[in-house]
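Throughout, read-outs are computed from the coordinates displayed, never taken from laboratory work. Quick caveat: nothing in here was measured; it's all calculated off a predicted structure. Note that we place each Cβ from the backbone using ideal geometry, even for glycine, and neighbour counts take in every protein chain shown.
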């Protein structure tokens, strides 16, 4: 799985390319966990190029977003299929989701 990591001042934007499934979840989890730790949770996960996530991907997202101690990672550009999967599993309400990466980045400045 290709994962782009781009710093934006005090926030880092992580962009996975491809579905987050059982086959890719360990690489995704390790890469995101390292970034969350390094940036003290100030991470935006850009889901624009993630068409799907299975239960392993949902579990990884929930774990990573709830494990940050100072700030919690935000999600942005959530596609309809991913949003529906998170909503059906009652995980969507536990995550901070924004329409755009820019809005997610701005949310850290409040």
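Here are a few candidate values for Rg/Rh (Cα atoms, Kirkwood Rh): [x] 0.97; [y] 1.17; [z] 0.92. Which one was actually calculated from the structure I just gave you? Working out Rg/Rh (Cα atoms, Kirkwood Rh) from the coordinates points to [z]. Compared with the dominant principal axis of the Cα atoms in the chain, helix 25-38 is inclined by about 10°. Against the chain, whose longest principal axis is taken from its Cα atoms, helix 55-67 shows a tilt of about 20°. Here the contact order of region 2-107, divided by its residue count and restricted to Cα pairs under 8 Å and six or more residues apart, works out to 25 percent. Counting other Cβ atoms within 10 Å as a rough exposure proxy, the listed residues 29, 83 run 83, 29 from fewest neighbours to most. Kindly state, to the nearest 0.05, the FRET efficiency for residue 83 paired with residue 37, given R0 = 25 Å and r defined as their beta-carbon distance. According to the calculation, E is roughly 0.40. Over the chain, DSSP H runs of length four or greater, each weighted -39,500 (n - 2.57), average out per residue to a 222 nm ellipticity of -11500 deg cm²/dmol. Label-to-label distance for residue 66 and residue 1 is 1.9 nm, based on points extended 7 Å past Cα in the beta-carbon direction. Shown for 31, 39, 74: other C-beta atoms within 10 Å of each C-beta, ranked fewest to most, produce the order 31, 39, 74.
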